[in-house]
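The values are calculated or read from the model by the stated rules, or taken from the named source; none is laboratory data. Just so we're clear, the structure is a prediction, and the values are computed from it rather than from any experiment. With ideal geometry, Cβ positions are generated from the backbone for all residues, glycine too; neighbour counts draw on all protein chains shown.
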Amino acid sequence: MPRQRITLKQPICWSEYSNSYCLCDKCWSCKRKTKYDNPLLALQSARLASFRAKELIKDYKCRYCDGYHIGRVHRGI
Ligand SMILES: [Zn+2]
Ligand SMILES: [Zn+2]
């Protein structure tokens, strides 16, 4: 196995590396959000959240995990 260079810009993902608790960008962005396995459920939740918060909240497919999350549009996803 080749040695991996660890740079500050791309911190190692401990979750993938040793299956332990990890706070890298990837894991953190998923963990602090609700994960939806069903895109329809995410869509419904996004609509409900939009209605409650009175701002636009969209559902989106996560590029890190296999699920879906919802988030405010203006803050970027
Ligand atoms: Zn990680
Ligand atoms: Zn995710």
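Search the stretch 56-71 for residues that are within 9 Å of SER45 (Cβ to Cβ) and pair each with any residue that is modelled with pLDDT under 90 when their beta-carbon atoms are under 6 Å apart and the residues are at least 6 apart or on different chains. What qualifies is ILE57/ARG72. Taking only pairs six or more apart or across chains, which ones have beta-carbon atoms under 6 Å, a first residue in the stretch 12-38 that is more than 10 Å from ligand 2 (Cβ to nearest atom), and a second residue that is part of a helix (DSSP H, G or I) and small (Gly, Ala, Ser)? These pairs meet every condition: CYS22/SER15.
The listed residues are SER50, SER20, and the only one of them that is at pLDDT 80 or above, over 11 Å from the mean Cα position of the chain (by Cα) and loosely packed, with under 12 Cβ neighbours inside 10 Å turns out to be SER20.
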